[in-house]
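A.B. asks: Have a look at the structure that comes next, please.
The values are calculated or read from the model by the stated rules, or taken from the named source; none is laboratory data. This one's a predicted model, so the numbers in the text were calculated from it and none came from an experiment. Here the Cβ positions follow ideal geometry from the backbone for every residue, glycine too, while neighbour counts run over all protein chains shown. Note: accessible area is taken over every heavy atom of the protein model, side chains too, but ligands, DNA and RNA are not part of it. Shrake-Rupley method; radii C 1.70, N 1.55, O 1.52, S 1.80 Å.
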Amino acid sequence: MPQDPTDDGLARRIAALMPRAKADLAELVAIPSVADPRQYPPQKCREAAEWLVAAFTEAGLRDVHLAETPDGSHAVLGHRPPPKGAPTVLLYCHYDVQPPLDDAAWTSPPFELTERDGRWYGRGSADCKGNVVMHLTALRALGDDVPVGLKFVAEGSEEQGTGGLEDYVRAHVDELHADALLVCDTGNAAVGVPTATTTLRGLANLVVGVSTLAGDVHSGMFGGPAPDALAALIRILDSLRDADGGTRITGLDADGQWAGAGYDEQQFRTDAGVLDGVALTGTGSVADRLWARPAVTVLGIDCPPVVGSAAAVPAAARARVSLRVPPGTDPRTALDALTAHLKAAAPWGARVEVEPEGTGAPFRAATDGRAYAALDRAMREVYGREISFLGQGGSIPLCNVLAGAYPEAEIILMGVEEPRCLIHAPNESVDPAEIEHMAHVEALFLRHYAETAARR
């Protein structure tokens, strides 16, 4: 990788820190910090939080401590005062992780960091404990030579979406105020392709219930004329897609186009694990469908299971439906449109009830400020190519809270989570080169950002 001749050994120091980064990540992955007390003891999240307190204190931050947030989780907070006249940068990550899902689908134990084929496997190895280690490596490499002020926050319930940190920020606006915010919970378009995420989709989730009979009835005696609630639900859900499989919801624009870097279709098929011979759904470019258009997913259905099912016409069925919406679409408007569409699509006069679960607003970053210029310079020096801008199909509602609380601040989404990481899925992994290079990017960014402030 090209290096800045004025780097003063920063790259070498980061490379020398990688064995420690691996040891840190192994310790963190071994803590099953799933922020759901129904699945894992809350003490495990507390253990991970306290690990961060010790690690970031040792890395040079001051007053690193736990702060309880309104959902009962604990954020880890710390700071480092700025040199005179220097800007302040907020470093964000989260230490809670997704549950491992099906343990049998893991090639190695989910809570044991395992090296295989040049990658490090384990739940949270990328999302987001890999980014925790990236922050630590950058700070350790800089040592006492940190040219900006720092504020640090690690969230403890991001994966549960319960909004604890979002509510905390609203109530403690001054505590996290900064000139630039590094939200490190995304990653590069591919290993070695420097990327900042500039848009996030919002979401609108609901549960739709269909009922047609007072109770289940014998399919031999009544099947045929008796309206089948599950069949009605299937028809309703099918109406959400057109013949190509693209999302089509009455009242929502489904023809948006993405203006940034694209996403190669074959690469997407590989990244998503699409089976040979199975077509992608929708039309337009992959980037259009991922980042510029609404996308509906049926997350789950309540109906009789195959094993143990009876010869009966179902009287009721339910489904949980998630709608991702691109920037420019109001999530409440999208929820209303989805609700109206589901009710209008009901066949045979079937009764439809909708229970809204919640919404999250989409996000779009402004990329024309000095923080993005500093990031582009850092990425060129580390990766030898200019920064790419991509969208992200997921949602990070905190970004909109931060944008509202700090309207003058630049928000940058970056990190180590490239597509091969398979975040949220079995066999999650991280490429250690991404931790090394993105830690280098982060350290250089802090230097270059300080320089732009000094020139003002």
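A.B. asks: Determine by what factor the alpha-carbon radius of gyration of the stretch 89-142 differs from 2.2 N^0.38 Å, reporting the quotient.
C.D. replies: 1.31
A.B. asks: Among rounded, prolate and oblate, which fits the stretch 218-284 when a ≥ b ≥ c are the square roots of the eigenvalues of its C-alpha gyration tensor, a/c under 1.5 means rounded, and a/b larger than b/c means prolate?
C.D. replies: Here the stretch 218-284 falls in the oblate category.
A.B. asks: Something else about it: Give me the distance between the Cα centres of the stretch 385-456 and the stretch 66-114, rounded to whole Å.
C.D. replies: If we compute the Cα centre of each part, the gap is 14 Å.
A.B. asks: For the stretch 1-123, which whole percent of the accessible surface, found with a 1.4 angstrom probe, sits on carbon and sulfur atoms? Mind showing how you got there, number by number?
C.D. replies: Working: 3160 of 5870 Å².
The C+S portion of the solvent-accessible surface of the stretch 1-123 is 54 percent.
A.B. asks: Carbon and sulfur atoms: what percent of the 1.4 Å accessible area of the stretch 235-283 do they account for? Kindly include the intermediate steps, with their values, before the conclusion.
C.D. replies: Details: 1460 of 3180 Å².
Reported share for carbon and sulfur atoms: 46 percent.
A.B. asks: If you wrap a convex hull around the C-alpha atoms of the stretch 247-307 and split its volume per residue, what is the figure in Å³?
C.D. replies: Cα convex hull per residue, to the nearest whole number: 130 Å³.
A.B. asks: Need one number for the stretch 199-355: average projected area of the convex hull over its C-alpha atoms, nm².
C.D. replies: On the way: hull surface 43.7 nm².
With every direction weighted equally, the projected area is 10.9 nm².
A.B. asks: Give a residue-ordered list of calculated ³J(HN,Hα) values for the stretch 321-327 (Karplus: 6.51 cos²θ - 1.76 cosθ + 1.60, θ = phi - 60°; whole Hz; x for Gly, Pro).
C.D. replies: So the Karplus estimates, Gly and Pro as x, are 10, 10, 10, 8, 10, x, x Hz.
A.B. asks: Please work out the average accessible area per residue across the stretch 241-281, using the 1.4 Å probe convention, and give it in Å². Walk me through the intermediate numbers first.
C.D. replies: Values: 2780 Å² over 41 residues.
Value returned for the stretch 241-281: 68 Å² of accessible area per residue.
A.B. asks: Can you work out ³J(HN,Hα) from phi for every residue in the stretch 295-308, in order, using Karplus 6.51 cos²θ - 1.76 cosθ + 1.60 and θ = phi - 60°, giving whole Hz and x for Gly and Pro?
C.D. replies: 3J(HN,Hα) across the stretch 295-308, in whole Hz: 9, 9, 9, 8, 7, x, 9, 9, 7, x, x, 4, 6, x.
A.B. asks: Same structure again: What are the ³J(HN,Hα) values, in whole Hz, obtained from phi via the Karplus relation 6.51 cos²θ - 1.76 cosθ + 1.60 with θ = phi - 60°, for each residue of the stretch 150-162 in sequence order, with x given for Gly and Pro?
C.D. replies: Couplings: 10, 10, 10, 9, 10, 7, x, 8, 4, 5, 8, x, 8 Hz.
A.B. asks: Run down the aspartates and glutamates and flag those whose C-alpha is under 19 Å from the C-alpha of K44, throwing out any fewer than 8 positions away in its chain.
C.D. replies: D24, E27, D36, E68, D71, D96, D103, E112, D127, E155, E158, E159
A.B. asks: Please give the direction-averaged projected area of the C-alpha convex hull for the stretch 358-456, in square nanometres with one decimal.
C.D. replies: 7.9
A.B. asks: Over the alpha carbons of the stretch 311-426, what is the largest minus smallest coordinate on each principal axis, giving the biggest first in Å?
C.D. replies: Rounded to whole Å, the extents work out to 66, 35, 19 Å.
A.B. asks: Starting from the Cα gyration tensor of the stretch 20-87, multiply each eigenvalue by 5, take the square root, and state the resulting semi-axes largest first in whole Å.
C.D. replies: 26, 17, 8
A.B. asks: For a quick check: with amide H placed at 1.01 Å from N, whose amide H comes under 5 Å from T88's, ignoring anything fewer than 5 positions away on the same chain?
C.D. replies: So T88 has HN proximity to G149, D179, A180.
A.B. asks: How big is the Rg/Rh ratio for the stretch 278-373, C-alpha atoms only, Rh by Kirkwood, two decimals? Provide the component values of the computation, followed by the final result.
C.D. replies: Numbers: Rg = 18.7 Å, Rh = 16.9 Å.
Rg divided by Rh gives 1.11.
A.B. asks: Nearest-5 percent of antiparallel DSSP beta bridges in the chain?
C.D. replies: Working: 48 of 70 bridges.
So the antiparallel bridges in the chain amount to around 70 percent.
A.B. asks: Tell me the volume per residue, in Å³, of the convex hull enclosing the alpha carbons of the stretch 109-256.
C.D. replies: For the stretch 109-256, the hull spanned by Cα atoms encloses 292 Å³ per residue.
A.B. asks: Around G122, what is the net charge, scoring Lys/Arg as +1 and Asp/Glu as -1 over all other residues with Cβ under 9 Å from its Cβ?
C.D. replies: 0
A.B. asks: On to the next question. Tell me the Rg and the Dmax, in Å, that the Cα atoms of the stretch 41-145 produce.
C.D. replies: 16.0, 55
A.B. asks: I'd like to check one number: the per residue accessible area of the stretch 1-144, probe 1.4 Å, reported in Å² as a whole number. Show your work: numbers first, answer last.
C.D. replies: Values: 6110 Å² over 144 residues.
Dividing the accessible area of the stretch 1-144 by its residue count gives 42 Å².
A.B. asks: Volume per residue, Å³, of the convex hull around the alpha-carbon atoms of the stretch 180-274?
C.D. replies: Hull volume over Cα atoms, normalised by residue count, gives 222 Å³.
A.B. asks: Where Rh denotes the Kirkwood radius from the mean inverse Cα pair distance, what is Rg over Rh for the chain?
C.D. replies: Reported Rg/Rh (Cα atoms, Kirkwood Rh): 1.01.
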